[in-house]
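The values are calculated or read from the model by the stated rules, or taken from the named source; none is laboratory data. The structure presented is a predicted model; accordingly, all values stated were derived computationally and were not measured. Reconstructed Cβ throughout: ideal geometry from the backbone, glycine too, with neighbour counts over all protein chains shown. The accessibility values were calculated without ligands, DNA or RNA, using every heavy atom of the protein model including side chains. Shrake-Rupley method; radii C 1.70, N 1.55, O 1.52, S 1.80 Å.
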Amino acid sequence: MIRFEHVNKTYGSKTIFNDFNVELPKGKFIVLIGPSGCGKTTMLKMINRLIEPDNGAVYVDGKDISKVDSIQLRRSIGYVIQHIGLFPNMTIAQNISVVPKLLKFDKSRCEQIVHELLELVDMPYSEFAHKYPTQLSGGQQQRIGVLRALAASPPIVLMDEPFGALDPMTRMTLQDEVKSLQERLQKTIVFVTHDMDEALALGDIIVFMDSGKIVQMASPEEMLRNPANSMIREFMGKRSDDNESAPQSASDVMQRNVIKVFRNCGLSEAVNKMKHYNIDTLIVVNNDMTYAGTVSIKSIMHAKQTRGIESLIYNEHQVVYVDEDAQSCFDALLSSSESYLVVLNRNNNVAGILTRTSVAKALAQIVWRDDNG
Ligand SMILES: Nc1ncnc2c1ncn2[C@@H]1O[C@H](COP(=O)(O)OP(=O)(O)OP(=O)(O)O)[C@@H](O)[C@H]1O
Ligand SMILES: [Mg+2]
(Lines give C-alpha, C1' and ligand atoms only; values in the text may rest on other atoms or scores of the structure.)
(Ligands and ions follow the chains in the order given, each with its own letter.)
Protein backbone atom coordinates (compact mmCIF):
# COMPACT_ATOMS: atom_id res chain seq x y z
CA MET A 1 0.00 0.00 0.00
CA ILE A 2 1.15 3.52 -0.81
CA ARG A 3 0.03 6.32 1.49
CA PHE A 4 0.48 10.07 1.23
CA GLU A 5 0.04 11.84 4.56
CA HIS A 6 -0.30 15.62 4.81
CA VAL A 7 2.00 16.12 1.86
CA ASN A 8 2.90 19.67 0.84
CA LYS A 9 4.90 20.58 -2.24
CA THR A 10 5.59 24.01 -3.64
CA TYR A 11 7.75 25.25 -6.49
CA GLY A 12 8.76 28.80 -5.64
CA SER A 13 5.51 30.54 -4.83
CA LYS A 14 3.42 27.94 -6.61
CA THR A 15 1.66 25.38 -4.42
CA ILE A 16 1.30 22.04 -6.16
CA PHE A 17 0.10 20.00 -3.18
CA ASN A 18 -1.35 21.36 0.04
CA ASP A 19 -2.13 18.79 2.73
CA PHE A 20 -2.50 16.00 0.18
CA ASN A 21 -3.71 12.67 1.53
CA VAL A 22 -4.42 9.45 -0.30
CA GLU A 23 -4.18 5.71 0.17
CA LEU A 24 -3.50 3.53 -2.89
CA PRO A 25 -4.30 -0.12 -2.22
CA LYS A 26 -1.82 -2.91 -2.82
CA GLY A 27 -2.00 -5.18 -5.86
CA LYS A 28 -4.36 -2.94 -7.82
CA PHE A 29 -4.10 -1.15 -11.13
CA ILE A 30 -4.41 2.51 -10.18
CA VAL A 31 -4.75 5.14 -12.87
CA LEU A 32 -4.03 8.82 -12.25
CA ILE A 33 -5.77 11.15 -14.67
CA GLY A 34 -6.43 14.88 -14.81
CA PRO A 35 -5.59 18.02 -16.74
CA SER A 36 -2.02 18.93 -17.61
CA GLY A 37 -0.16 20.43 -14.67
CA CYS A 38 -2.45 19.01 -11.98
CA GLY A 39 0.44 17.19 -10.33
CA LYS A 40 0.35 13.62 -11.66
CA THR A 41 4.04 13.32 -12.47
CA THR A 42 4.99 15.07 -9.23
CA MET A 43 2.87 12.61 -7.27
CA LEU A 44 4.46 9.65 -9.08
CA LYS A 45 7.99 10.92 -8.46
CA MET A 46 7.29 11.39 -4.78
CA ILE A 47 6.69 7.62 -4.60
CA ASN A 48 10.25 6.81 -5.71
CA ARG A 49 11.81 9.92 -4.17
CA LEU A 50 12.82 11.53 -7.44
CA ILE A 51 10.94 14.41 -5.79
CA GLU A 52 10.75 14.92 -2.03
CA PRO A 53 7.75 16.52 -0.32
CA ASP A 54 8.39 19.77 1.56
CA ASN A 55 6.26 18.52 4.44
CA GLY A 56 4.36 15.37 5.28
CA ALA A 57 5.36 11.86 4.36
CA VAL A 58 4.88 9.07 1.86
CA TYR A 59 4.64 5.54 3.17
CA VAL A 60 5.13 2.31 1.24
CA ASP A 61 3.90 -0.76 3.11
CA GLY A 62 3.84 1.25 6.29
CA LYS A 63 7.43 2.50 5.96
CA ASP A 64 8.18 6.20 5.72
CA ILE A 65 10.21 6.22 2.51
CA SER A 66 12.23 9.29 3.50
CA LYS A 67 13.93 6.90 5.92
CA VAL A 68 14.70 4.33 3.21
CA ASP A 69 17.86 4.68 1.13
CA SER A 70 16.66 6.26 -2.12
CA ILE A 71 18.78 4.05 -4.38
CA GLN A 72 17.53 0.94 -2.63
CA LEU A 73 13.98 2.26 -2.88
CA ARG A 74 14.21 2.89 -6.62
CA ARG A 75 15.51 -0.60 -7.25
CA SER A 76 12.37 -1.96 -5.65
CA ILE A 77 10.04 0.25 -7.68
CA GLY A 78 9.83 -0.10 -11.46
CA TYR A 79 9.54 3.13 -13.40
CA VAL A 80 8.47 3.66 -17.01
CA ILE A 81 8.57 7.12 -18.54
CA GLN A 82 7.00 8.38 -21.71
CA HIS A 83 10.14 8.55 -23.81
CA ILE A 84 11.30 5.23 -22.83
CA GLY A 85 15.01 5.88 -22.62
CA LEU A 86 16.45 2.50 -23.46
CA PHE A 87 20.23 2.56 -23.39
CA PRO A 88 21.11 2.76 -27.10
CA ASN A 89 24.49 1.09 -26.80
CA MET A 90 23.15 -1.91 -24.92
CA THR A 91 21.34 -4.87 -26.44
CA ILE A 92 17.74 -5.62 -25.50
CA ALA A 93 18.93 -8.36 -23.14
CA GLN A 94 21.35 -5.97 -21.46
CA ASN A 95 18.69 -3.28 -21.19
CA ILE A 96 16.25 -5.64 -19.51
CA SER A 97 18.80 -6.90 -17.01
CA VAL A 98 20.08 -3.51 -15.83
CA VAL A 99 18.39 -3.65 -12.44
CA PRO A 100 18.87 -7.40 -11.85
CA LYS A 101 22.60 -6.80 -12.46
CA LEU A 102 22.63 -3.88 -10.03
CA LEU A 103 21.01 -6.22 -7.55
CA LYS A 104 23.88 -8.66 -8.21
CA PHE A 105 21.72 -11.47 -9.57
CA ASP A 106 24.02 -14.04 -11.17
CA LYS A 107 24.41 -14.35 -14.90
CA SER A 108 22.20 -17.37 -15.42
CA ARG A 109 19.38 -15.83 -13.40
CA CYS A 110 19.60 -12.63 -15.50
CA GLU A 111 19.46 -14.70 -18.67
CA GLN A 112 16.45 -16.56 -17.37
CA ILE A 113 14.66 -13.30 -16.54
CA VAL A 114 15.30 -11.98 -20.04
CA HIS A 115 13.98 -15.21 -21.57
CA GLU A 116 10.84 -15.24 -19.48
CA LEU A 117 10.00 -11.59 -19.94
CA LEU A 118 10.47 -11.58 -23.72
CA GLU A 119 8.22 -14.60 -23.85
CA LEU A 120 5.55 -12.71 -21.92
CA VAL A 121 5.24 -10.17 -24.71
CA ASP A 122 5.65 -12.58 -27.59
CA MET A 123 9.06 -11.32 -28.66
CA PRO A 124 11.17 -14.46 -29.15
CA TYR A 125 14.52 -14.39 -27.36
CA SER A 126 16.40 -15.73 -30.37
CA GLU A 127 15.10 -12.93 -32.52
CA PHE A 128 15.27 -9.95 -30.17
CA ALA A 129 17.64 -10.42 -27.23
CA HIS A 130 20.74 -9.39 -29.14
CA LYS A 131 19.29 -6.53 -31.13
CA TYR A 132 19.84 -2.88 -30.26
CA PRO A 133 16.96 -0.50 -29.46
CA THR A 134 17.16 1.34 -32.79
CA GLN A 135 16.52 -1.94 -34.59
CA LEU A 136 13.08 -2.16 -32.94
CA SER A 137 9.83 -0.38 -33.73
CA GLY A 138 8.49 2.23 -31.31
CA GLY A 139 5.98 -0.23 -29.88
CA GLN A 140 8.60 -2.91 -29.41
CA GLN A 141 10.91 -0.44 -27.65
CA GLN A 142 8.06 0.56 -25.38
CA ARG A 143 7.45 -3.10 -24.54
CA ILE A 144 11.09 -3.47 -23.59
CA GLY A 145 10.78 -0.37 -21.41
CA VAL A 146 7.92 -2.04 -19.60
CA LEU A 147 9.86 -5.30 -19.26
CA ARG A 148 12.88 -3.46 -17.92
CA ALA A 149 10.70 -1.95 -15.21
CA LEU A 150 9.45 -5.44 -14.31
CA ALA A 151 12.79 -7.23 -14.52
CA ALA A 152 13.68 -7.33 -10.83
CA SER A 153 10.07 -8.19 -10.06
CA PRO A 154 9.35 -5.06 -8.04
CA PRO A 155 6.04 -5.10 -6.18
CA ILE A 156 5.31 -1.56 -7.39
CA VAL A 157 5.56 -0.21 -10.92
CA LEU A 158 5.09 3.47 -11.76
CA MET A 159 4.21 4.33 -15.35
CA ASP A 160 4.02 7.91 -16.57
CA GLU A 161 2.05 8.10 -19.82
CA PRO A 162 3.97 5.13 -21.16
CA PHE A 163 1.90 4.78 -24.31
CA GLY A 164 1.29 8.43 -25.11
CA ALA A 165 3.41 8.49 -28.23
CA LEU A 166 2.21 5.27 -29.83
CA ASP A 167 -0.24 4.67 -32.65
CA PRO A 168 -3.69 3.44 -31.54
CA MET A 169 -3.14 -0.16 -32.51
CA THR A 170 0.18 -0.61 -30.74
CA ARG A 171 -1.25 1.28 -27.83
CA MET A 172 -4.23 -1.02 -27.49
CA THR A 173 -2.04 -4.11 -27.72
CA LEU A 174 0.30 -2.81 -25.02
CA GLN A 175 -2.62 -1.82 -22.81
CA ASP A 176 -3.86 -5.39 -23.00
CA GLU A 177 -0.40 -6.73 -22.26
CA VAL A 178 0.16 -4.51 -19.26
CA LYS A 179 -3.30 -5.23 -17.90
CA SER A 180 -2.83 -8.97 -18.17
CA LEU A 181 0.70 -8.79 -16.73
CA GLN A 182 -0.71 -6.93 -13.76
CA GLU A 183 -3.45 -9.48 -13.31
CA ARG A 184 -1.04 -12.38 -13.48
CA LEU A 185 1.69 -10.86 -11.33
CA GLN A 186 -0.52 -8.88 -8.90
CA LYS A 187 1.72 -5.83 -8.95
CA THR A 188 0.64 -2.48 -7.67
CA ILE A 189 0.72 -0.33 -10.78
CA VAL A 190 0.34 3.44 -10.65
CA PHE A 191 -0.26 4.56 -14.20
CA VAL A 192 -0.59 8.15 -15.45
CA THR A 193 -2.60 8.97 -18.53
CA HIS A 194 -4.45 11.82 -20.22
CA ASP A 195 -6.77 9.44 -21.95
CA MET A 196 -10.02 8.47 -20.22
CA ASP A 197 -10.53 5.48 -22.54
CA GLU A 198 -7.16 4.18 -21.43
CA ALA A 199 -8.05 4.83 -17.78
CA LEU A 200 -11.38 3.01 -18.14
CA ALA A 201 -9.77 0.09 -19.93
CA LEU A 202 -6.95 -0.41 -17.43
CA GLY A 203 -7.85 0.86 -14.00
CA ASP A 204 -9.24 -1.04 -11.06
CA ILE A 205 -9.34 2.40 -9.47
CA ILE A 206 -9.25 5.75 -11.24
CA VAL A 207 -7.95 8.77 -9.34
CA PHE A 208 -9.08 11.98 -11.01
CA MET A 209 -6.94 14.97 -9.99
CA ASP A 210 -7.26 18.69 -10.51
CA SER A 211 -4.88 21.35 -9.14
CA GLY A 212 -3.22 18.98 -6.70
CA LYS A 213 -6.49 17.68 -5.28
CA ILE A 214 -8.38 14.45 -5.77
CA VAL A 215 -11.74 15.21 -7.30
CA GLN A 216 -12.90 11.60 -7.45
CA MET A 217 -11.40 8.22 -6.70
CA ALA A 218 -13.60 5.40 -7.90
CA SER A 219 -13.91 2.26 -9.97
CA PRO A 220 -14.35 2.81 -13.73
CA GLU A 221 -17.98 1.73 -13.50
CA GLU A 222 -18.70 4.13 -10.68
CA MET A 223 -16.96 7.02 -12.44
CA LEU A 224 -18.90 6.35 -15.62
CA ARG A 225 -22.15 6.14 -13.75
CA ASN A 226 -21.58 9.01 -11.37
CA PRO A 227 -18.90 11.44 -12.53
CA ALA A 228 -18.25 13.82 -9.62
CA ASN A 229 -18.27 16.99 -11.71
CA SER A 230 -18.55 18.37 -15.21
CA MET A 231 -14.80 18.23 -15.83
CA ILE A 232 -14.80 14.47 -15.33
CA ARG A 233 -17.89 14.17 -17.49
CA GLU A 234 -16.07 16.08 -20.21
CA PHE A 235 -13.07 13.78 -19.93
CA MET A 236 -15.47 10.93 -20.56
CA GLY A 237 -16.51 12.62 -23.74
CA LYS A 238 -20.01 13.42 -22.59
CA ARG A 239 -21.35 16.84 -23.21
CA SER A 240 -21.38 18.78 -19.98
CA ASP A 241 -24.56 20.61 -20.85
CA ASP A 242 -26.69 17.58 -21.51
CA ASN A 243 -27.48 16.75 -17.95
CA GLU A 244 -30.78 18.48 -17.61
CA SER A 245 -32.47 17.36 -20.77
CA ALA A 246 -33.83 14.04 -21.90
CA PRO A 247 -31.50 11.93 -24.02
CA GLN A 248 -31.36 13.25 -27.55
CA SER A 249 -29.14 10.92 -29.49
CA ALA A 250 -27.61 7.47 -29.31
CA SER A 251 -24.51 8.95 -27.70
CA ASP A 252 -26.56 9.98 -24.65
CA VAL A 253 -27.76 6.47 -23.94
CA MET A 254 -24.93 4.23 -25.04
CA GLN A 255 -22.36 2.42 -22.96
CA ARG A 256 -18.93 3.76 -23.84
CA ASN A 257 -16.48 1.26 -22.47
CA VAL A 258 -16.77 -1.64 -24.86
CA ILE A 259 -14.31 -4.45 -25.15
CA LYS A 260 -12.64 -4.46 -28.55
CA VAL A 261 -10.19 -6.75 -30.29
CA PHE A 262 -8.32 -6.40 -33.54
CA ARG A 263 -9.32 -8.64 -36.41
CA ASN A 264 -6.02 -10.50 -36.28
CA CYS A 265 -6.60 -11.45 -32.64
CA GLY A 266 -5.96 -15.11 -31.74
CA LEU A 267 -8.74 -17.38 -30.50
CA SER A 268 -7.33 -17.87 -27.03
CA GLU A 269 -6.80 -14.16 -26.53
CA ALA A 270 -10.42 -13.52 -27.54
CA VAL A 271 -11.70 -16.23 -25.21
CA ASN A 272 -9.60 -14.88 -22.34
CA LYS A 273 -11.03 -11.42 -22.84
CA MET A 274 -14.57 -12.75 -22.83
CA LYS A 275 -13.87 -14.70 -19.67
CA HIS A 276 -12.22 -11.78 -18.00
CA TYR A 277 -15.01 -9.34 -18.72
CA ASN A 278 -17.71 -11.97 -18.41
CA ILE A 279 -19.21 -11.28 -21.82
CA ASP A 280 -20.12 -13.52 -24.73
CA THR A 281 -19.27 -11.34 -27.70
CA LEU A 282 -16.51 -8.90 -28.57
CA ILE A 283 -16.44 -5.94 -30.93
CA VAL A 284 -13.86 -6.43 -33.68
CA VAL A 285 -11.98 -3.52 -35.22
CA ASN A 286 -9.78 -3.19 -38.28
CA ASN A 287 -6.18 -2.05 -38.01
CA ASP A 288 -7.24 1.54 -38.60
CA MET A 289 -9.67 1.23 -35.66
CA THR A 290 -12.77 1.22 -37.86
CA TYR A 291 -15.53 -1.23 -37.01
CA ALA A 292 -15.26 -4.71 -38.54
CA GLY A 293 -18.03 -6.72 -36.86
CA THR A 294 -18.53 -8.86 -33.80
CA VAL A 295 -17.32 -12.27 -32.71
CA SER A 296 -19.25 -14.54 -30.36
CA ILE A 297 -18.11 -17.25 -27.99
CA LYS A 298 -20.44 -19.63 -29.81
CA SER A 299 -18.73 -19.15 -33.13
CA ILE A 300 -15.37 -19.65 -31.46
CA MET A 301 -16.54 -22.88 -29.81
CA HIS A 302 -17.70 -24.19 -33.16
CA ALA A 303 -14.66 -23.02 -35.07
CA LYS A 304 -13.05 -25.71 -37.17
CA GLN A 305 -9.67 -24.00 -37.11
CA THR A 306 -7.45 -22.67 -34.39
CA ARG A 307 -5.84 -19.70 -36.06
CA GLY A 308 -7.59 -16.46 -35.31
CA ILE A 309 -10.99 -14.84 -35.16
CA GLU A 310 -10.68 -13.34 -38.65
CA SER A 311 -12.88 -15.90 -40.40
CA LEU A 312 -15.45 -15.85 -37.57
CA ILE A 313 -16.28 -12.16 -37.74
CA TYR A 314 -20.00 -11.52 -38.00
CA ASN A 315 -20.57 -8.32 -39.92
CA GLU A 316 -24.33 -8.13 -39.98
CA HIS A 317 -24.78 -7.03 -36.40
CA GLN A 318 -27.20 -4.12 -36.26
CA VAL A 319 -25.46 -0.76 -36.23
CA VAL A 320 -26.58 2.80 -35.44
CA TYR A 321 -24.69 6.10 -35.50
CA VAL A 322 -23.95 8.32 -32.48
CA ASP A 323 -26.03 11.22 -33.75
CA GLU A 324 -29.12 9.17 -34.52
CA ASP A 325 -32.23 9.96 -32.53
CA ALA A 326 -32.21 8.20 -29.14
CA GLN A 327 -35.84 7.18 -29.30
CA SER A 328 -35.59 5.51 -32.68
CA CYS A 329 -32.37 3.73 -31.64
CA PHE A 330 -34.17 2.38 -28.60
CA ASP A 331 -37.08 1.21 -30.76
CA ALA A 332 -34.60 -0.49 -33.06
CA LEU A 333 -33.03 -2.24 -30.07
CA LEU A 334 -36.40 -3.44 -28.78
CA SER A 335 -37.42 -4.86 -32.14
CA SER A 336 -34.01 -6.36 -32.82
CA SER A 337 -33.07 -9.96 -32.18
CA GLU A 338 -29.69 -8.76 -30.94
CA SER A 339 -29.12 -8.03 -27.27
CA TYR A 340 -27.24 -4.86 -28.13
CA LEU A 341 -26.64 -2.50 -31.04
CA VAL A 342 -23.20 -1.27 -32.06
CA VAL A 343 -22.92 2.53 -32.05
CA LEU A 344 -20.48 4.06 -34.54
CA ASN A 345 -19.03 7.50 -35.03
CA ARG A 346 -19.49 8.92 -38.50
CA ASN A 347 -15.90 7.90 -39.31
CA ASN A 348 -16.94 4.30 -38.57
CA ASN A 349 -14.94 4.04 -35.37
CA VAL A 350 -16.71 2.29 -32.53
CA ALA A 351 -18.27 4.78 -30.12
CA GLY A 352 -20.08 2.34 -27.84
CA ILE A 353 -22.92 -0.11 -27.61
CA LEU A 354 -26.55 0.37 -26.86
CA THR A 355 -28.00 -2.15 -24.43
CA ARG A 356 -31.26 -2.23 -22.55
CA THR A 357 -29.24 -1.57 -19.41
CA SER A 358 -27.43 1.42 -20.86
CA VAL A 359 -30.70 2.96 -21.94
CA ALA A 360 -32.30 2.25 -18.57
CA LYS A 361 -29.34 3.86 -16.80
CA ALA A 362 -29.53 6.99 -18.90
CA LEU A 363 -33.24 7.30 -18.25
CA ALA A 364 -32.87 6.57 -14.54
CA GLN A 365 -30.35 9.37 -14.25
CA ILE A 366 -32.96 11.82 -15.41
CA VAL A 367 -35.72 10.41 -13.27
CA TRP A 368 -33.60 10.39 -10.11
CA ARG A 369 -31.41 13.39 -10.78
CA ASP A 370 -33.18 15.48 -8.13
CA ASP A 371 -32.37 12.92 -5.47
CA ASN A 372 -28.60 12.89 -5.91
CA GLY A 373 -28.31 16.56 -6.62
N1 LIG B 1 10.88 21.59 -11.38
C2 LIG B 1 9.81 22.36 -11.38
N3 LIG B 1 9.90 23.70 -11.15
C4 LIG B 1 8.83 24.46 -11.13
N5 LIG B 1 7.57 24.06 -11.35
C6 LIG B 1 7.40 22.74 -11.61
C7 LIG B 1 8.51 21.84 -11.65
N8 LIG B 1 8.03 20.62 -11.93
C9 LIG B 1 6.68 20.75 -12.06
N10 LIG B 1 6.31 22.02 -11.89
C11 LIG B 1 4.92 22.54 -11.90
O12 LIG B 1 4.16 21.73 -11.05
C13 LIG B 1 2.86 21.51 -11.58
C14 LIG B 1 2.58 20.03 -11.63
O15 LIG B 1 3.47 19.44 -12.56
P16 LIG B 1 3.36 17.92 -12.97
O17 LIG B 1 4.49 17.64 -13.89
O18 LIG B 1 3.23 17.08 -11.76
O19 LIG B 1 1.98 17.92 -13.76
P20 LIG B 1 1.27 16.74 -14.58
O21 LIG B 1 -0.07 16.56 -13.96
O22 LIG B 1 2.16 15.55 -14.64
O23 LIG B 1 1.09 17.39 -16.01
P24 LIG B 1 1.18 16.72 -17.48
O25 LIG B 1 -0.14 16.04 -17.66
O26 LIG B 1 1.31 17.89 -18.38
O27 LIG B 1 2.34 15.81 -17.51
C28 LIG B 1 2.84 22.20 -12.94
O29 LIG B 1 2.21 23.42 -12.79
C30 LIG B 1 4.30 22.37 -13.27
O31 LIG B 1 4.48 23.51 -14.07
MG1 LIG C 1 3.22 14.62 -16.23
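Exactly one residue among P155, P162, P133 is under 24 Å from F191 (Cα atoms) and within 16 Å of ligand 1 (Cβ to nearest atom), and that residue is P162. Of all residues in the range 24-44, those satisfying the criterion of being within 8 Å of ligand 1 (Cβ to nearest atom) and open to solvent by 30 Å² or more (accessible area, probe 1.4 Å) are P35, S36, G37, T41. For the range 187-304, the strands (runs of 3 or more DSSP E) that sit wholly inside it and include 2 or more residues that are out of contact with any Ser or Thr (no Cβ under 8 Å at 6 or more places or on another chain), at pLDDT 85 or above and under 29 Å from T15 (Cα atoms) are 188-193, 205-210, 213-218. Screening E52 with (1) open to solvent by 30 Å² or more (accessible area, probe 1.4 Å); (2) of a type outside the set (V, I, T); (3) away from ligand 1 (no atom under 16 Å from the Cβ) gives one miss only, at (3).
In the range 11-23 there is no residue matching the filter, namely being more than 14 Å from ligand 1 (Cβ to nearest atom), at pLDDT below 95, under 27 Å from K179 (Cα atoms) and not basic (K, R). Considering the range 26-56, the residues that are of a type in the set (S, T, N, Q) and part of a helix (DSSP H, G or I) include one that is nearest to ligand 2 (Cβ to nearest atom), namely T41. Considering only the range 59-79, I want to know if a residue exists there that is touching a Leu at 6+ places or on another chain (Cβ under 9 Å) and either closer than 26 Å to S126 by Cβ or within 13 Å of ligand 1 (Cβ to nearest atom) (or both). For the range 59-79, residues touching a Leu at 6+ places or on another chain (Cβ under 9 Å) and either closer than 26 Å to S126 by Cβ or within 13 Å of ligand 1 (Cβ to nearest atom) (or both): present.
Just one of the listed residues (Y79, Y59) is within 16 Å of ligand 2 (Cβ to nearest atom), in contact with a helix residue (DSSP H, G or I) (Cβ under 9 Å, 6 or more places away or on another chain) and not in a loop (DSSP other than H, G, I, E, B), namely Y79.
As a summary of the residue check, I113 satisfies the conditions (1) open to solvent by 40 Å² or more (accessible area, probe 1.4 Å); (2) touching a residue at least 24 places away in the same chain (Cβ under 8 Å) except for the one numbered (1). Checking each residue of the range 348-359 against the condition of being in contact with a helix residue (DSSP H, G or I) (Cβ under 7 Å, 6 or more places away or on another chain), in a strand (DSSP E or B) and under 18 Å from P168 (Cα atoms) gives at least one match. Count of the range 153-186 residues, restricted to those that are at pLDDT 80 or above, open to solvent by 20 Å² or more (accessible area, probe 1.4 Å) and part of a loop (DSSP other than H, G, I, E, B), is 4. Of the residues in the range 84-103, at least one is within 16 Å of ligand 2 (Cβ to nearest atom) and surrounded by 16 or more Cβ atoms within 10 Å (Cβ to Cβ).
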